[in-house]
Amino acid sequence: MLWKFKYKPLKEGEIRIIELFPGSRRQPIWCRLLHVLASDFGDYEAVSYTWGPEPAERRIWIEGQYPLIEEVLEQGAPPGTPRRLWIDAICINQEDFSERNQQIRLMCSIYSRCKRLLVWFGSEDEQSGSAFRAWAKVILDSPFLHIILASVDGLLGRPWFTRTWVLQE
């Protein structure tokens, strides 16, 4: 049986930020949800990803309750330091349509104020790891940087990058 997380209601202009506590991949994932005002989001990282059919393999403790988790949380926080994240699937109560609509209006502000935007393409596999290492080597060592940049521009012209949410993020 899956437990449903019980969200505390947000006040006008508030968002939730995940405070992810340090740990290793072998330990349970522990975090809490902070309510912060739009005027004082503080330092946090926003995560951009696509929702998918992949089921969560692990559970996460948020304030003593189990909701579903996105894989990105498995990356954890730096040793000794909590990590602050904004991930829409967790920070927005997806079952509360009024809250979802209110939070959608804040998304531009949420993404523009983050200290860093993390794009999650999914779990690393042999091909993706090799692709990123090769991409970094080619870009750093190439006298054909202008050709590479034109190719990247072509990639960024694909339909995924034209989605409203991606542009907003």
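Test residue 28 against the criterion of being in contact with a strand residue (DSSP E or B) (Cβ under 9 Å, 6 or more places away or on another chain) and at pLDDT below 75, and give yes or no. So residue 28 passes the test. Which condition number does residue 155 fail, the rest of (1) over 30 Å from residue 10 (Cβ atoms); (2) at pLDDT below 75; (3) hydrophobic (A, V, I, L, M, F, W, C) being met? Condition (2) is where residue 155 drops out.
The values are calculated or read from the model by the stated rules, or taken from the named source; none is laboratory data. Because the structure is predicted, anything quoted here is derived from the model rather than measured. Please note: Cβ atoms are built from the backbone with ideal geometry, for glycine as well, and neighbour counts cover all protein chains shown.
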